[in-house]
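The values are calculated or read from the model by the stated rules, or taken from the named source; none is laboratory data. Everything numeric in this text was worked out from a predicted model, so none of it was measured. Glycine gets a Cβ as well: all are built from the backbone with ideal geometry, and neighbour counts include every protein chain shown. Surface accessibility is based on the protein's heavy atoms, side chains included, excluding ligands, DNA and RNA. Shrake-Rupley method; radii C 1.70, N 1.55, O 1.52, S 1.80 Å.
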Amino acid sequence: MNAANSPARLGKWTDFTTKETWFVSNATRGYVVLAFVGIWLGFSAKYITRILANFALFIHVRHYKLPPDPGSAPVESTPLLPHRASRAEARQKAEVLAEIYKNRIGYREFVEELWFNRKKLASKHRGYLGLFVLILSAVMVVFIFTSVYAARVQADGPAILASEKCGLWVFDRKRGGDEAATRAGINDLNKETRAGAYAKNCYGKPDPFEDIQCSYLYRSRLSFSKPQYTNECPFQNEICGQNQTVTFTTDTVDASELGINSRNSPTFRRQTRCIPLSMEYPYIQNQTQNGTTTYYYYYGEKPLHDPPLNYTYTTTGDPFDRLAPAYDVFTYTTSSTPTVESYWRPRSELTHPKFSTLTLIFISSLRIYYKEWSNDPIFPADKEIYLEGEKKPWFRNSDPRARPLACINYIEVCLGDGKTCWPMNDHLPTDASNNTISPPPEFWLMYASLLKTDIYNAIEKRLGRGLIAQSKVSQYFSEALGDYHWVDEVERLVATSHARTQINTWSVAKGEDSVHEGKDEYILITPEEIYGNLCGIFKYNPPGYASIRFTPLIFILLSFPTFLFLSRKWRLPWNTDSGAHEGAHERPQARAAIQEPSDPVRARSETGEIGTRASDVASPSGSPSANVPLGSELEIPRPTGPVVRQGTVRGGRTAVTPTGESDEIKWEPLVIEKIIEGLVMIARLGWQLVVFLVWKWPLRFYEWLSQTIFGRWIEWLLVSLFRDCPLWAYERLSQLWQNCTTASEADEAESA
C-alpha cells in the first residue's frame, strides 16, 4: 500500500458509520484551521466572563438593596437621621464589589482585584469575590478542556480514496503464457507477503516502527475469537490424529470495518477449523528401494496431474539429513466453486461441508535443533541430542514423515438488511418473485475483497517463510515452541486471511492491478455495467491530509458571535434614549469625575469663598467656640454633589470607590438573561397549561357534568357501586353471620 499513489478526495463527505460529516484538505490547511479555531475560541473567553460577572452583579445588587425608611410616625426618642451613617457605609462597601463586577471583563482583572484591593473590600465581600473567582476558574478549566476538544476538530483521517479505475483485475490463464504466469505468481507472492507482514505487525504485538502502517486502513484489524478447543472430529472415521480441533470464529463483520462507506452496509462472517490428521496406515505408506525410503501420503488423489496420481504427496529419506535450517511446506486446496474440479480431490473420509473449502498443509522440519522438548503434533522435538562441547541437550524431530494439518474454511455473506444471507461460494439467491437478486456496488466490493482469503491463500506462495516457527530459527537452532505451537500458527494464518481481506478492499477500490491489463494478460472481472461503480465508496486514513469535523467546526465558528450577542446589554429596538445607555459603559473614573455645580453660590461655599469654616471661629481663650447661637451667619458648608475618593493605581488603572446614593451602580440585564427570563416564562406558562389540562379542566368538567341529568345518573351509579352496594352486602353478611351464631348457641344450649 503506497500512500503516495493513493490520493484522497478533497472536500466535504459523510461517514455513514459514525454519522459524522468531514471536510478533507491537505495537511497544511488543516493546521491553519486548527490554529484559527484556537484563536477564535480565545475571543469568546472575555464575553463568557462578562456574562458570569453580570449574573454575580445581579445577585449582589438584589442582596444589598436596602429597604426604605419605616413610615411610622416619629416619637420624641426617634433620632432625626436614624442609622444614616451605617446605611451609607454599608452601601459604599457594597458598591465597591458592584463596581468590580460591572467593569472588570477579564479573569486576570478579577484575580488582581481579589489580591490588591483587599483593604477596600469588606471581609465578606472578599469571600464573595473569592467564590466568584473560584467559579470563574472552574469555567476557565472547562474552557481549556473545550479548547483541547477543539483540537480534535482536525484529524489525520478518514477520507475517501480518489480513484478513477476501480475493480478487480485477475490473471487470465487461458490467454497468458508461462512467462506471464510467472509474473502473476510473483504478484500474488507480494500480496501474500504484504498481508503476512500486516498480520504480524497489526494483529500481534505492535512494532512501533510499523505502527503507521496499521493506522493507514479505516480499522487496524478485524476481530475474531480466541481459539476454541473441541474433541470432535469434523471428518469421518479415524482420520483425525488427536481428535483435538481448534476453531476460530469471526462474528458478523460490517463492511464498514473494511472501509466501505455505505448507508446500508453488507456483512460477512467466517469460521476456520483446523485439526492435525492421522499418520497411521493407510493414510501414510512407505516403500524402501536401494536403502532409500519414500513416504506416500494418501489423503486424496490428483486427477488433473499428468499422469493422474492416486496419492497426494511424497517425501524421500530423512529431512534432517538435508543441511538446511528451514521448514519444508506444501499445500493443497479444494475448489471454491463446487462445479469446478480441483487439482486435488480429497478422499471420502475428508468430506467437508458444502460450500466450504478444505486446505491440506504438509510441514517437515529439516535440520533444526530445538532448545526444549516438545510433543506438538505438527512441530515435534522428541529426540535428545548432545552437541560437542554442550552440557545441556538439544532436541530434534525424530520422525522423517511430514506432518499433515487440515483446515476447513467457511464464509457467509449477507446483504445490508441482515436477513438475506447465503454461503459465499454459492450462487446468488432469488427474491419472492423467483428472480435473482441484484446486490449494490458496496456488496460487490466486499465480495471481491473476500476472494483469495482462505487459509490456503495465506501460505500458498510463502510456504515455510510464512511460519512463525521459521522466524525463531537462527542458523540451525530454534527457540522452544511448546506443545501447542500449531495453534499459534493457525491463528497467524487466520490473521493473515483477515489482513488480506482488508488490503484487498483497498486494492479493488484503488484498481491496483489495472496496470497489468493488456501486457500481463490481466482482465477486469467487475465491469461497471454489471457490478456498478466501485469508486468513491472506500474510506481510509491517508497521511498528508487533514480531515476536519464539519459539525464541531460550525459550532466553534458560531461560538464567538453567539457569546458576543448574549453578552450585550438588553435594548429594545424602539428605544431611542441612547444617552442613558452610554453612561452605563463608562469607567468609574468618568462617572466619578468632579461635576460642575449648577448653583454658583453653593459652589463658592464649597470652595471656602463664602461662609466661615468652623475652625476659624474661636473662643477668647483660643479654642473653637462651643456655643454658636441659632440663626447666626456661621454655618458649616455641606457638599451636595458626589464625593470623589482617590484610588490606588494598579497596572495603569485607577481603582475608584464610588460613594453617595447618586453614584449607585445599577444592574442592567444582558441578552442572555432576557432569553433565560423568556424561557422561564414559557416554562411557567407550560406548567400552568399542564395543571389546567390535568387538574383544573377535568375538575370543571366534572362540576359541569354533575349538574346535568347524565352526570347525576353517573354519580348515582358510582355511589351505588362503590358505597351503597358494599354497605348492603356488608349488612347482609353481618346478619347472616349473626343468625348462624344464634343458631349455633341454641344448639349448644339444647344439647347441654
Exercise. In region 440-497, which residues are more than 16 Å from GLU192 (Cα to Cα) and basic (Lys, Arg)?
Worked result: LYS472
Exercise. Got at least one residue in region 397-405 being touching a residue at least 24 places away in the same chain (Cβ under 8 Å), in contact with a Leu (Cβ under 8 Å, 6 or more places away or on another chain), part of a strand (DSSP E or B) and surrounded by 15 or more Cβ atoms within 10 Å (Cβ to Cβ)?
Worked result: yes
Exercise. On the given criteria, is GLU384 at pLDDT below 90 and surrounded by fewer than 19 Cβ atoms within 10 Å (Cβ to Cβ)?
Worked result: no
Seminar exercise, completed: Looking across region 657-710 at residues that are open to solvent by less than 100 Å² (accessible area, probe 1.4 Å) and of a type in the set (Asp, Glu), the single one that is modelled with the highest pLDDT is GLU677
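A quick yes/no check of all residues on (1) modelled with pLDDT of 95 or more; (2) in contact with a strand residue (DSSP E or B) (Cβ under 9 Å, 6 or more places away or on another chain):
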position: ILE455; (1), (2): yes, yes
position: GLY464; (1), (2): no, yes
position: GLN470; (1), (2): yes, yes
position: GLN502; (1), (2): yes, yes
position: ASP520; (1), (2): no, yes
position: PRO527; (1), (2): no, no
position: ASN533; (1), (2): no, no
position: ILE554; (1), (2): no, no
position: LEU564; (1), (2): no, no
Problem set entry | Which numbered condition SER438 misses (of (1) farther than 22 Å from PRO380 by Cα; (2) among the hydroxyl-bearing types (Ser, Thr, Tyr); (3) modelled with pLDDT of 95 or more) | (3)
Exercise. Taking PHE330 and the conditions (1) within 23 Å of PHE248 (Cα to Cα); (2) assigned to a loop (DSSP other than H, G, I, E, B); (3) of a type outside the set (Ser, Thr, Tyr), which numbered condition does it fall short on, given that it satisfies the others?
Worked result: (2)
For this session: Within region 226-258, track down each residue that is touching a strand residue (DSSP E or B) at 6+ places or on another chain (Cβ under 7 Å) and more than 25 Å from CYS414 (Cβ to Cβ).
Result: PRO227, TYR229, THR230, GLU232, CYS233, ILE239, CYS240, GLY241, GLN242, GLN244, THR245, VAL246
Seminar exercise, completed: Of the residues in region 15-54 that are basic (Lys, Arg) and assigned to a helix (DSSP H, G or I), the one that is least open to solvent (accessible area, probe 1.4 Å) is ARG50
Exercise. Out of all the residues in region 117-133, is one or more small (Gly, Ala, Ser), farther than 30 Å from THR17 by Cβ, touching a Gly at 6+ places or on another chain (Cβ under 9 Å) and open to solvent by less than 30 Å² (accessible area, probe 1.4 Å)?
Worked result: no
Problem set entry | Failed item, numbered, when ILE503 is tested on (1) of a type outside the set (S, T, N, Q); (2) open to solvent by less than 20 Å² (accessible area, probe 1.4 Å); (3) not in a helix (DSSP H, G or I) | (3)
Exercise. With TYR476, TYR410 as the choices, which residue is open to solvent by 30 Å² or more (accessible area, probe 1.4 Å), touching a Lys or Arg at 6+ places or on another chain (Cβ under 9 Å), farther than 30 Å from SER342 by Cα and of a type in the set (Ser, Thr, Tyr)?
Worked result: TYR476
For this session: Kindly indicate whether any position in region 217-226 is in contact with a Cys (Cβ under 9 Å, 6 or more places away or on another chain), over 29 Å from PRO353 (Cβ atoms) and in contact (Cβ under 8 Å) with a residue 12 or more places away in the chain.
Result: yes
